[in-house]
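The values are calculated or read from the model by the stated rules, or taken from the named source; none is laboratory data. Model, not experiment: these values are computed from the prediction. Here the Cβ is made from the backbone with ideal geometry for all residues, glycine too, and neighbour counts use every protein chain on show. To get the accessible areas, we keep the full protein, side chains included, count just its heavy atoms, and leave off ligands, DNA and RNA. Shrake-Rupley method; radii C 1.70, N 1.55, O 1.52, S 1.80 Å.
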Amino acid sequence: GPEPVRLPAAGEEGPLEGGPPDHSYSLSSGTTSEELLRKLNEQRDIIALLEVKMKEMKGSIRRLRLAEAQLREEIREKDRLLHAASAGTRKRHGL
């Protein structure tokens, strides 16, 4: 599971002390529990949306693979028909 968030203890400097956060999920040393909870819930919402998108993309990939397999089979069948027609033409013309 995810690592627990560790806030700097009183008097201890955090890695981002005094500077702007590096990422949208970075926290300042004065972050309240309400802000932490809000950020956590935002991240959970984002993860839930990404999971839905992943499932949709997996479904799309599955449909595309099926369509690709059908197209490949159609191409193989047309190649067989062309080869057979070509062989028949050569025999008729004595080639």
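Summary of computed values
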{"quantity": "Given (1) modelled with pLDDT under 85; (2) of a type in the set (D, E); (3) open to solvent by less than 90 Å² (accessible area, probe 1.4 Å), index of the condition D22 fails", "calculated": "(3)"}
{"quantity": "Residue count for region 76-91, restricted to those that are modelled with pLDDT of 95 or more and either open to solvent by less than 100 Å² (accessible area, probe 1.4 Å) or touching a helix residue (DSSP H, G or I) at 6+ places or on another chain (Cβ under 6 Å) (or both)", "calculated": "2"}
